[in-house]
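Single-structure report; data block below.
The values are calculated or read from the model by the stated rules, or taken from the named source; none is laboratory data. This one's a predicted model, so the numbers in the text were calculated from it and none came from an experiment. Note that we place each Cβ from the backbone using ideal geometry, even for glycine, and neighbour counts take in every protein chain shown.
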Amino acid sequence: MTGERLAVPVLRMAGITKHFPGVLANDHVDLELYEGEVLALLGENGAGKSTLMNVLCGLYRPDEGTITVRGERVDIQSPRDAYELGIGMVHQNFMLVETMTVAENVVLGLEGLSFQPEFRRVKRRLQELGSRYGLQVDPDAYIWQLSVGEQQRVEILKLLYRDVDILILDEPTAVLTPQEVDDLVEVLRRVVKEGKAAIFITHKLREVMMFSDRVTVLRGGRNVATRSTSETSPEELARLMVGREVLFQLERTTCELGPTVLEIEGLKALNNKGLPALRGVSLTVRAGEIVGIAGVAGNGQRELAECITGLRDAVGGDVRVKGTCITNCSPLRAIREGVSHVPEDRVEMGLVGDMTVAENLALKAYRTSELSRGPVLFPDGMNRFAQQLIDGFDIATPGPHTQVKFLSGGNLQKAILARELMACEGLLVAVHPTRGLDVGATESVRELLLEQRDQGTAVLLISEDLDELLEISDRIAVMFEGEIVGVVPAEDADRDRIGLMMAGQRLDEEGAAP
Amino acid sequence: MRIVFEKRKHVSRAVRVMVPVLSLVFALVFGAVLLLMSGVDPFVAYAAMMDGAFGDIHSVSETMVKAIPLMLTGLGVAIAFRMVFWNIGAEGQLAMGGLVATGVSLYASDLLPSWSVLPAAIVLGMVAGAVWAAIPALLRAYLQVNETITTLMMNYIAILLVSHMYHGPWRDPGGYGFPGTAKFPEMAWLPRIYGRAHAGLFFAVIAAAILWFVLQRTKWGFELRITGQNPKAARYIGINIPRLIVTAMLLSGALCGLAGVCEVTGVMRRLQQGLTVGYGYTAIIVAWMSQLNPWGVLLVAFLLAGLLVGGDQIQMAMGLPAAMGLVLQGALLFPMLGGSLFAEYRLRIVRPEPQTAGSPPQPIAKESES
């Protein structure tokens, strides 16, 4: 297939090896990129995708290997060198200054900028680029006023403004609606049609099939395969990526519904900027069901989870758990009423990085008589408890006394889940529980959630991953701009319709909420 | 070639030990240069310093006199810092402790049974320090007022109040006009161990032991460590952070207050100039250098006190200008503090890699999977 290409690759990375203390992140990795193509770089977390791309854009120096750009050997020492070679990257967390305008962000860091940049010219050029590639953004808008999708456009514009012709995108779709994803595909198509080339990092198979011309798969820091997208299938890619067959469709089961555990009525709350984030949300979750909340990030999901768990005060409406009103209660009260919470910010909120695994597992149970007597902690009890959870939830750690920050992402999440499930008495609020996890860890997290449901817990699952919601929830509620625009049973949910609802289209009469 | 300053991935035990040792060596060399520049043989000077600080039991006891308040305030500050509460107010809390202990010793000794005067002075002095610390703590916990400013400002109030008391209302009528109160009655004297070194040392050791236990083995200490390391997580698991701030500061202030009590009842046995000589500020250095570890505080406080006493000693013994002692103390402290940075970070020299790595690029195999 692609072996006999006539063109010289615009970029060739050969034998790239990069060690980190104790980790071989890239082991003689090869990669080729041709003009006019979109290459997907597929792999699980820790497969070495980001390392490889950071080598390419000058953030890391490789220990071994060569990089050739347009037939010439190059030595990329910094992101600036990379820009000069026409290589630029859109990072997963955008590198934008929120309080500056689009135009200001674009010229920020540009070399040879005059003391007073001529913003008129910058804006004209931005508009020109915008219409050429379908990337319309108001150059005078402030970054904080833009949606995440628009911010991503600004990042891409930044690269195009610098005449970058090898674009690298790190998990570009993680924060987009299905419609925005379509727009992004369109933009990339137009960009590569002009002779540029793009690499995008992902661990989602759907995106590979949708976006790319070719796909290079990494596993454990090594090349596994490179395929033409048209000649492969999601099943084959999954096998290549994880090295084993993946359980794609968990068997859909249901569980007998118990009494209503969570009742939310007309809940209103403000976001951190003091603007309305929840505009009258009503929702119920019964024992033995998983209710999924679908929606693009920033439509009130975070605030909803925080109101239920006592981390944010509501300005109107009610939250009841097992019949007890817990509106505006303290987090401790919510915990005592049986609410468990797998938080969105795993590392920032869910764990204390410098503390040991055992201490982190005890973050909630330390108040129980098993782990403390009166004011005094009971170290033996803590160790026993930790060991029990490490074994029971299969957490890979050198031991209970390892600092938790040394665990991998999947094991961090398992530790949080272990702690929260142990403490759970009635309601579990799980926010993006599988975000950023590899396929294996994702699977076990989903199974844990299902198990918990089968034991009669009410689960509120907030996720951006529609596949996940369709797979494990019993009902799906779609949130848009602080409202629930519709609730549908998951079994006959249609992903396109949910996609439209995520973009704000209301559920019409035919499928009214149950 | 470039020099990169990067965070160490893992701080080994060897590094933890070697960094302070090398910092000390560097500090001594740096100080030696300064001494040479003022025409003094550094070996003689250092020997005099060592001798002055640790040379015989008398000098050790003098070092201990300075170490005790540093230990107590250092422990107090370390508790607050554990929770990332910047208590710059140890000096003021110490002053209030000393002030109230003085009041009890001078004016309650007739009202109380004599055995209870000293305990009353100690307890009420600690309460005074705690109350003084509670004011900024409450402001921070419930009104989000920046504690760095408030604790610092509270120092000025306390220091000036103390000064006013021994210059004015409490001045010893029989003191020939010198500023200072009358000597305390003997029942209010804190027993001495040797020379002027007093029983405050036991308080410091007991306090360190209690603190260690509280931090490692109690729910309250667990909550304190969680809150200090990740306040977001603390809120998430339901810790009442405002209450924790206030209780931690009460403890912090009480320890600083105790330092003041010991100064007036153990060392001076009256209230006069010399109560607030900056122990509360040096305590910040002590707390940091000991990495907020209670036992570390005791050790660092003792060594630092040795540096203070030794520095004073060479002024006298070698006829150096008074400023030289201070210069030398600073010159020794600076590399010690700077050095602790290298325990967490390291410098790495990056050379451009040789351009000979590997053969010319080979056609890339499309499959490496079987």
> For the subset of the range A:377-411 comprising residues that are within 11 Å of chain B (Cβ to nearest Cβ) and aromatic (Phe, Trp, Tyr), which member is nearest to B:Lys219 (Cα to Cα)?
Replying inline: A:Phe378
> Looking at the range B:310-331, which of the residues that are buried (at least 22 other Cβ atoms within 10 Å of the Cβ) and aliphatic (A, V, I, L, M) is nearest to the chain's Cα centre (by Cα)?
Replying inline: B:Leu328
> Any residue at all in the range A:29-48 that is more than 21 Å from A:Arg189 (Cα to Cα), under 26 Å from the mean Cα position of the chain (by Cα), at pLDDT below 90 and among the β-branched types (Val, Ile, Thr)?
Replying inline: no
> Going through the range A:435-455 one residue at a time, which ones are more than 16 Å from A:Glu420 (Cβ to Cβ) and at pLDDT 90 or above?
Replying inline: A:Asp454
>> Given the options A:Asp496, A:Asp474, name the one that is assigned by TED's automatic domain parsing to the domain that holds A:Val285, on the phi < 0 side of the Ramachandran plot and surrounded by fewer than 19 Cβ atoms within 10 Å (Cβ to Cβ).
In response: A:Asp496
>> If a residue must be buried (at least 24 other Cβ atoms within 10 Å of the Cβ), of a type in the set (S, T, N, Q) and at pLDDT below 90, how many such residues does the range B:27-75 contain?
In response: 0
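Within 14 Å of another protein chain (Cβ to nearest Cβ), surrounded by fewer than 22 Cβ atoms within 10 Å (Cβ to Cβ) and modelled with pLDDT of 90 or more: is that true of A:Thr17 in this structure?
Numbers: within 14 Å of another protein chain (Cβ to nearest Cβ): yes; surrounded by fewer than 22 Cβ atoms within 10 Å (Cβ to Cβ): yes; modelled with pLDDT of 90 or more: yes.
It is true that A:Thr17 is within 14 Å of another protein chain (Cβ to nearest Cβ), surrounded by fewer than 22 Cβ atoms within 10 Å (Cβ to Cβ) and modelled with pLDDT of 90 or more.
Of all residues in the range A:8-41, count the ones that are of a type in the set (D, E, K, R) and part of a loop (DSSP other than H, G, I, E, B).
2
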> Among the residues of the range A:437-446, is any hydrophobic (A, V, I, L, M, F, W, C), in a strand (DSSP E or B), out of contact with any Phe, Trp or Tyr (no Cβ under 8 Å at 6 or more places or on another chain) and without any contact (Cβ under 8 Å) to a residue 60 or more places away in the chain?
Replying inline: no
> Looking at the range A:54-84, which of the residues that are touching a residue at least 40 places away in the same chain (Cβ under 8 Å) and hydrophobic (A, V, I, L, M, F, W, C) is farthest from the other protein chains (Cβ to nearest Cβ)?
Replying inline: A:Cys57
>> Among (1) surrounded by fewer than 22 Cβ atoms within 10 Å (Cβ to Cβ); (2) part of a strand (DSSP E or B), there is one condition A:Val488 misses while meeting the rest; what is its number?
In response: (1)
>> Suppose we keep only residues that are facing chain A (nearest Cβ under 7 Å) and part of a helix (DSSP H, G or I) within the range B:231-250. Which one would you say is surrounded by the fewest Cβ atoms within 10 Å (Cβ to Cβ)?
In response: B:Lys232
>> Being crowded, with 19+ Cβ neighbours inside 10 Å, over 25 Å from A:Gly48 (Cβ atoms) and of a type in the set (D, E, K, R) is the filter here; which residues of the range A:158-182 pass it?
In response: A:Lys158, A:Glu180
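Collect the residues in the range A:308-334 that are within 14 Å of chain B (Cβ to nearest Cβ) and not acidic (Asp, Glu), keeping them in residue-number order.
Those that are within 14 Å of chain B (Cβ to nearest Cβ) and not acidic (Asp, Glu): A:Ile308, A:Thr309, A:Gly310, A:Leu311, A:Arg312, A:Ile326, A:Cys329, A:Ser330, A:Pro331, A:Leu332, A:Arg333, A:Ala334.
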> Residues A:Ala418, A:Ala477: which one is part of a strand (DSSP E or B) and among the small types (Gly, Ala, Ser)?
Replying inline: A:Ala477
> Out of all the residues in the range A:337-376, which are closer than 30 Å to A:Thr284 by Cβ and more than 8 Å from chain B (Cβ to nearest Cβ)?
Replying inline: A:Glu337, A:Gly338, A:Val339, A:Ser340, A:Val342, A:Glu344, A:Arg346, A:Ala365, A:Thr368
> Mind checking whether some residue in the range A:293-305 is free of Cβ contacts under 8 Å to residues at least 24 places away in the same chain and out of contact with any Cys (no Cβ under 7 Å at 6 or more places or on another chain)?
Replying inline: no
>> I'd like to know if the range A:462-469 contains one or more residues that are over 18 Å from A:Cys255 (Cα atoms), surrounded by 22 or more Cβ atoms within 10 Å (Cβ to Cβ) and among the small types (Gly, Ala, Ser).
In response: yes
>> B:Val123 - would you say it is assigned to a helix (DSSP H, G or I) and in contact (Cβ under 8 Å) with a residue 24 or more places away in the chain?
In response: no
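Only residues that are in contact with a Ser or Thr (Cβ under 6 Å, 6 or more places away or on another chain) and surrounded by 24 or more Cβ atoms within 10 Å (Cβ to Cβ): list them for the range B:270-305, please.
Residues of the range B:270-305 that are in contact with a Ser or Thr (Cβ under 6 Å, 6 or more places away or on another chain), as a first pass: B:270-271, B:279-280, B:283, B:296-297, B:300, B:305.
Once the filter is applied, which keeps residues that are in contact with a Ser or Thr (Cβ under 6 Å, 6 or more places away or on another chain) and surrounded by 24 or more Cβ atoms within 10 Å (Cβ to Cβ), the range B:270-305 yields B:Leu271, B:Tyr279, B:Gly280, B:Ala283, B:Val297, B:Val300, B:Ala305.
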> Which of the residues spanning the range B:291-304 are outside any helix (DSSP H, G or I) and over 13 Å from B:Thr73 (Cα atoms)?
Replying inline: B:Gln291, B:Asn293
> Would you pick out the residues in the range A:42-63 that are of a type outside the set (Ser, Thr, Tyr) and part of a loop (DSSP other than H, G, I, E, B)?
Replying inline: A:Gly43, A:Glu44, A:Asn45, A:Gly46, A:Ala47, A:Gly48, A:Cys57, A:Gly58, A:Leu59, A:Arg61, A:Pro62, A:Asp63
> Taking B:Val261, is it of a type in the set (A, V, I, L, M) and either within 14 Å of chain A (Cβ to nearest Cβ) or under 30 Å from A:Ile335 (Cα atoms) (or both)?
Replying inline: no
>> Could you check the range A:389-411 and list, in sequence order, the residues that are touching a residue at least 40 places away in the same chain (Cβ under 8 Å) and in contact with a helix residue (DSSP H, G or I) (Cβ under 6 Å, 6 or more places away or on another chain)?
In response: A:Phe393, A:Thr397, A:Pro400, A:Thr402, A:Val404, A:Gly410
>> If I go through the range A:133-165 residue by residue, how many of them are within 21 Å of A:Tyr83 (Cα to Cα) and outside any loop (DSSP other than H, G, I, E, B)?
In response: 12
> In the range A:306-324, what residues are in a strand (DSSP E or B), in contact (Cβ under 8 Å) with a residue 24 or more places away in the chain and not basic (Lys, Arg)?
Replying inline: A:Gly316, A:Gly317, A:Asp318, A:Val319, A:Val321
>> If the requirement is being within 14 Å of chain A (Cβ to nearest Cβ) and crowded, with 17+ Cβ neighbours inside 10 Å, which of these qualifies: B:Gly253, B:Gly200, B:Gly228?
In response: B:Gly228
